[in-house]
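Asker: Dropping a structure here in structure tokens format, bear with me for questions.
No lab work stands behind these numbers, since they all come straight from the coordinates. Predicted model, so just to flag it, every value in this text is computed and none were measured. Using ideal geometry, Cβ is built from the backbone for each residue, glycine included, and neighbour counts are taken over all protein chains shown.
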Amino acid sequence: MASKRVEVVGLIERPRAPAYARFMGQLVIIVSGLFLFALGVVLTLRSGLGLGPWDVLHQGISRHTPLTFGQASQVVGVAVIGIGLALRVRPGLGAVLNMLLIGFFVDRLVAVHMIPLAAPYGLLAQLGMDAGGVLLVGLGSGLYIRAKLGAGPRDGLMLGLHRVTGVRVAMTRAALEVTVAIAGFLLGGTVGIGTLVFALGVGPAVELGFRMFGVPSRAGPTPTRQGETGRRAGRPVEDYHGIER
């Protein structure tokens with residue numbers, strides 16, 4: 001009898017956490033991931049070796065307007081979401097938080113002078129800081145995607161352009177990256193060896209973040225099919241595992 005009773009007890013399912021508790025957990029995860037992402041951006045910025053393509057644009061805009069680096073990032077994010085909506089890509093909550101919080105965290109981290117400029121300490125220090133920044137961007141990406149609240153607004157724009165033009169996702173992404181990097185450079189943004197380090201290192205860094213936080217590298221439909229599904233169902237693109245915010 002005792003053994004049977006144990007077996008019956010073992011079949012009882014554990015109660016699931018309430019929906020609001022799960023949502024709050026998701027918010028904690030995504031905010032933590034976005035903070036790591038922002039910290040990585042600040043490290044690349046303070047290294048003085050060059051930024052990732054979108055951050056080159058943000059820096060260029062900040063040099064010609066009253067906007068801070070973080071505010072420029074937010075304004076670009078709003079514009080990207082707007083273009084995505086025009087292309088019938090609805091942003092998820094993750095995209096909105098991404099747009100708001102990365103810029104906010106970048107400005108706060110810069111304002112407290114927590115991270116010194118690496119240039120006075122030599123090239124090795126600059127390379128180390130830049131590589132550390134790229135690593136944190138990757139880990140932050142893995143963590144905020146783990147929250148399952150949606151990818152960044154720039155991924156939505158990429159999917160929308162892919163759907164309208166029919167150009168392969170990889171080519172669409174590359175064209176976006178090159179375009180914003182050139183625009184940022186013309187505005188005075190910093191392009192250098194750090195830009196190359198970012199381009200070559202962010203992919204492996206994101207893969208590491210996916211492994212660390214248990215994010216499947218290919219979960220759900222492919223970007224093409226997912227974009228089509230999102231359009232037909234009228235739902236935002238939520239699960240595309242992009243690496244850009």
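Asker: Which FRET efficiency value, to the nearest 0.05, is calculated for V31 and R211 with the Förster distance at 25 angstrom and r the Cβ-Cβ distance?
Answerer: 0.70
Asker: Okay, moving on. Would you mind working out the magnitude of the charge dipole of the stretch 31-233 relative to its Cα centre, with +1 at each Lys and Arg C-beta and -1 at each Asp and Glu C-beta, to the nearest 20 Debye?
Answerer: 720
Asker: By per-residue mean of other Cβ atoms within 10 Å, what is the highest-first order of 37-48, 203-214?
Answerer: Top of the packing list down: 37-48, 203-214.
Asker: Let me check against my output: what whole-number percent is the relative contact order of the stretch 31-233, with C-alpha pairs under 8 Å and at least 6 apart?
Answerer: Numbers: 344 pairs, mean separation 76.0, N = 203.
It rounds to 37 percent for the stretch 31-233.
Asker: Something else now. To the nearest Å, what is the center-to-center distance of the stretch 24-96 and the stretch 107-176, using C-alpha atoms only?
Answerer: 8
Asker: A follow-up question, please. Take peptides 149-160, 72-83, 23-34 and line them up by average Cβ neighbours within 10 Å, highest first, as a rough protection proxy.
Answerer: 149-160, 72-83, 23-34
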